[in-house]
Amino acid sequence: MRIDKFLWSIRFYKTRTIATEEIKKNRVSIGESVVKSSKEVKEGDVIKIRKNQIDYKIKVIQIPKSRIGAKLVPLHIKDVTDKEQYELLKMRKMSQDYYRIKGEGRPTKKDRRDMDDYVENDISSDFTDWDDFFGEKNDDGSEDKE
């Protein structure tokens, strides 16, 4: 099976076109050599893939006949990626969250909806008569009339 079709069939890439483009960008190799999309994959090959700034390594156990379900992927490949790569990915994801602490900066769409719901519920429960709300009252409780 061609490597682009293999990477698509084991769900490493969402489409075969994306798999082909990544191969053209020299982000996929078998062993130490960069491959073309037409390279045939055999059982026992170790494929190195550069994705999301991480170097993944997968070992081909079995070649699927066509695209397979996510639960069946472990029957066809074995992940032999270094643990340091996953730790590096975890650190990158954590470092991306540093720039905005919750409650600072512009509200997100969810924050905005929550605020709108709060304000809607708060106003509707406290103020039933808008004339009383906007009218000014004196110390003795009577309204000012101008």
What FRET efficiency comes out for Glu32 versus Arg11 if R0 is 30 angstrom and r is the Cβ-Cβ distance? Round to the nearest 0.05.
0.75
Please give me the summed charge of the neighbours of Ile49: other residues whose Cβ is under 9 Å from its Cβ, Lys and Arg +1, Asp and Glu -1.
+3
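Throughout, read-outs are computed from the coordinates displayed, never taken from laboratory work. Note that this is a predicted model, so its numbers are computed, not measured. A quick note on method: Cβ atoms are made from the backbone with ideal geometry, for glycine too, and the neighbour counts reach across all protein chains shown.
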